[in-house]
1. Note down all Cβ pairs under 7 Å where the first residue falls in the stretch 55-76 and is in contact (Cβ under 8 Å) with a residue 12 or more places away in the chain and closer than 19 Å to V40 by Cβ, the second is of a type in the set (F, W, Y) and part of a helix (DSSP H, G or I), and they're at least six residues apart or on different chains.
2. From the residues in the stretch 54-67 that are loosely packed, with under 14 Cβ neighbours inside 10 Å and out of contact with any helix residue (DSSP H, G or I) (no Cβ under 8 Å at 6 or more places or on another chain), which one is farthest from Y30 (Cα to Cα)?
3. Any chance the stretch 23-33 includes a residue that's at pLDDT below 95, surrounded by 15 or more Cβ atoms within 10 Å (Cβ to Cβ) and touching an Asp or Glu at 6+ places or on another chain (Cβ under 9 Å)?
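The values are calculated or read from the model by the stated rules, or taken from the named source; none is laboratory data. What you are looking at is a predicted structure, and each value in this text was computed from that prediction instead of being measured. Cβ atoms come from the backbone with ideal geometry, glycine included; neighbour counts cover every protein chain shown.
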Amino acid sequence: MAKEGKAPVGRLYWRCRRGTKELDRVLGDYLQQEYTRAGVELQNAFAGLLEQQDPDIYDWLMGTKLAETEFRAIIEALQIKYIRQEKQ
């Protein structure tokens, strides 16, 4: 049985399709590689993040703007896994 609060992965897949290749890659890779292993709180934060505007998500990931409180944990997880790793 699915965890409470967990959004269907198929629906999230389509919401990961954004307007930029960079966001498509980061969000899509997270969904495929990490989402099912994440706790319910991170899963819900990820689903909520996908409701936000692309420029906001991009700025939060790049660290040019501080993410809203409800998204800080998922943004940090994405930065550690995909952004900081690529900068090294």
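1. From residues that are in contact (Cβ under 8 Å) with a residue 12 or more places away in the chain and closer than 19 Å to V40 by Cβ, the pairs are F71/W60; I74/F46; I75/W60.
2. Residue satisfying both the conditions and the ranking: T64.
3. No.
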